[in-house]
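Here is the structure we will look at.
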Amino acid sequence: MPIDQLLLFIAAGLLLNLTPGPDVLYVVSHALRSGARAGMVAALGITAGCFVHIFAAAVGVSALMAASATAFALLKWAGAAYLVYVGLRLLRPGAVTDVSLGAAPVDAAPPQGGSAFRAIFLRGFWTNALNPKVALFFLAFVPQFITPQMDNKPLAFLLLGLLFNFNGLWVNCCWAAAAAFLARRSGLVQRSLRWLDRAAGALFVGFGIKLALTAAPQP
């Protein structure tokens, strides 16, 4: 790939990754409440979920899903149900101490041991792995940078997808570090965590409804 085209791909990917969305919301909510480490674990889970779609798209599974209304609908409804479930759990009274995003209580120390971080990681993973819009995004975005001269197009797709995901990981880690920095230095942030839960819950429900209403792509 020509260097100018590669730089364009990196710049476009970074702009997309910097745009706030459900991934950033998930990372920031954990970092504000439980510290930068929890936010970075959330970022790793989100990144792992993207790997599912990158590898699937590289071997053509995402293309099949894009052409199959049934496959799209199954994954769409599974992803929508999960997002709504997460949002409704956040909207419950007492979500600060029993939040479905896996965060620890506001006044508690950051989560310790593998189980708390494992829960954060897995929820981030499933949020992206069950979202067909992620698969369709990779299927629409990455091929624009694959030229006809490339001999091994599936390999080129895979490498570009991995590069995009790597850039997304460190951007999300920066979001986590920034959110944790603010949480340590602002009592107002910590006193507002309950409102953050409510806002996050409403947004996740909204994302789930929006995903459920997404029309299947035309073959």
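Computed from the coordinates by the stated procedures, all read-outs in this text should not be read as laboratory data. Quantities reported herein were computed from a predicted structural model and do not represent experimental measurements. With ideal geometry, Cβ positions are generated from the backbone for all residues, glycine too; neighbour counts draw on all protein chains shown.
Brief remarks on what is shown
- Charge tally around PHE117: other residues with Cβ under 15 Å, Lys/Arg +1 each, Asp/Glu -1 each, net +4.
- Burial ranking of peptide ranges 25-37, 130-142 (average Cβ count within 10 Å, highest at the top): 25-37, 130-142
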